[in-house]
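The block underneath contains the structure these notes are about, expressed in structure tokens.
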Amino acid sequence: MSRRPYIRPVSKTTWYMRNKRYKVYVLRELSSFLVAFYTFFTICALAILATDSAEKWDSFLASQQNTGMVVFHAVALLYFLFFQTFPWFKLAPKAMPVQVGENKLPDSFIIIGHYVAWVIVSAFIFWLAGVI
Amino acid sequence: MAIAKKAIVWGLFAAGGTVTAFVVPALITLFLLVATGNVPDGLQFDQFHAFASSWLGKACLFIVLFLSVWHAAHRLRVVAHDFGIRKDALIASAVYTVAAIGTVLAAFYLLTIG
Amino acid sequence: MSTRIRDMELEIMRYDPEKDEAPWFQSYTVPCNEDWVILDAINYVKDNLDTTLAFRWSCHMMVCGSCGMMVNGEPSLTCKTFVRDLPDKVRIEPLENFPIERDLVVVLDDVMQKLHQVQPYIMRKDDPPAEDVEYNQTRGQLMKFKQLTMCINCMCCYAACPQYALNKDFIGPAALTLAHRYNLDNRDQGKSDRLNILADHDGVWDCSFVGACSEVCPKHVDPAAAIQQMKVDGAVEFWKQKMGIVGDKS
Ligand code: SF4
Ligand code: SF4
Ligand code: FES
């Protein structure tokens, strides 16, 4: 009897195609590009604002007003909700479980708490921006 | 053996993930409004300039930008690994350098305004 | 109780280290009782169709943890996976991410070593303890980690974990979870020591929270949650050590 264990190969570049769970994970991870994009987008906007020139700011706003950007932001918003915000809320109670008295608080409590807080934060931002 | 320095960036990643999850959908919505031509009052020059000139406004913007940029940097490092790029030290120094530059730029512009 | 019989085609991965260059699939048609678990069908093959088939099992009741296999690509405890929930054609493979010893038997040396490495026992500073001391534990203190004690070391989580697939040095879900179980135990004082090992390279940071381990765990241990909690602990401990407040149990 000789041992000769067989090692099944794993692709380092395409492993996530193996099942649906991994594909969803990779889609979730790709939302990091959106975080990076919007952060730098906002920094660029601040750079324009930092010129203290109303004309430059207005022409920046004008340059943003086209169908291409509408589509981009709309798609980005949906992608971000489904692959960043919602997963983050779903996973939050796992990293930070709360024990009240003897028993753990059900995950759903913490998740609902996140959604409530999210609505409040978003409403506050919209209020600040004069939308509502 | 000691706790790896990854603990620092992981802390920023976790805080940034929470902040972006809460704040970014509303921000994208504002940009979307701009793109459709309905510029919110708060983003008109006078109002936004006043907001970014106040210390509270500066602080809010800086915290969000600082945490987002480090969050994104850390996640992009993981993405690179997931797509089979195994030069982790190189990737890490690249993404964290960009994050540091982003942090400095955000601070610089915010301090310039007003 | 239904006693319906259904013919199922089992495609079983075979590998004989003395004859085969690589694994291959062999098909068996098994008249399955709908009340069976898939392990019964594999046992039917062994008893009636092919005595050379090698696989592990013992308790047939989700206790021993030895019957983990890939069932249609999903890491499963075969004594908990019912025939009635499966289609007519089922592919059985040895647990992924482990070397194949023979047929459905995998080599588990690596995870056995990792389970030791995490120091899965109560560590005390007053060792040996003074005589006649009792270390009490309330129900609330037990509930902090009870779920984590349900692990049966079936290693389905390792078969599901892509980060373990990519990097065999990663300590991985079940072993990290076991460590967290002791970190959360109020009688233990070894949390700092454990974090020094487990929040270092190849420890908790290598997990990217895919969550696959928790989805496949047959005992609902939720290893992914345990690992994220350890990351939080690791980040806190890091600053504690940096600031010179070397942490005890907190
Ligand atoms: S954590 Fe779950 S899947 Fe992993 S070894 Fe333990 S029981 Fe099995
Ligand atoms: S959560 Fe972590 S340990 Fe679990 S499968 Fe994902 S990467 Fe592996
Ligand atoms: S045979 Fe023991 S757990 Fe399945």
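The values are calculated or read from the model by the stated rules, or taken from the named source; none is laboratory data. Computed from a predicted model, the values in this text were never measured in an experiment. Because the Cβ atoms are built from the backbone with ideal geometry, glycine has one as well, and the counts that use them run over all protein chains shown.
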Only one of C:THR81, C:THR149, C:THR177 that is in the same structural domain as C:PRO17 (by TED's automatic domain parsing) and either among the hydrophobic types (A, V, I, L, M, F, W, C) or closer than 20 Å to C:CYS213 by Cβ (or both): C:THR81
Picking from A:SER2, A:SER11, which residue would you name as being among the hydroxyl-bearing types (Ser, Thr, Tyr), more than 30 Å from B:VAL98 (Cβ to Cβ) and at the interface with another protein chain (Cβ under 9 Å from one of its Cβ atoms)? A:SER2
Filtering the stretch B:49-63 down to residues that are in contact with a Leu (Cβ under 8 Å, 6 or more places away or on another chain) and under 29 Å from B:PHE13 (Cβ atoms) yields B:PHE51, B:ALA52, B:LYS58, B:LEU61, B:PHE62
Determine whether the stretch C:208-219 contains at least one residue that is away from ligand 2 (no atom under 12 Å from the Cβ) and within 14 Å of the chain's Cα centre (by Cα). yes
Has the stretch B:54-69 got any residue that is closer than 23 Å to A:GLN84 by Cα, surrounded by 14 or more Cβ atoms within 10 Å (Cβ to Cβ) and touching an Asp or Glu at 6+ places or on another chain (Cβ under 7 Å)? no
Candidate set: the stretch C:112-168, residues that are outside any loop (DSSP other than H, G, I, E, B), within 12 Å of chain A (Cβ to nearest Cβ) and free of Cβ contacts under 8 Å to residues at least 40 places away in the same chain; chosen: the one nearest to ligand 2 (Cβ to nearest atom): C:LEU166
Single residue of C:ASP222, C:ASP202, C:ASP188, C:ASP193 found to be under 28 Å from C:LYS240 (Cβ atoms), within 10 Å of ligand 1 (Cβ to nearest atom) and acidic (Asp, Glu): C:ASP222
Looking at the stretch B:68-95, I want the residues that are more than 7 Å from chain A (Cβ to nearest Cβ) and have a partner that is among the hydroxyl-bearing types (Ser, Thr, Tyr) with Cβ atoms under 6 Å, at least 6 apart or on another chain. Which pairs are those? B:ALA73/B:TYR96
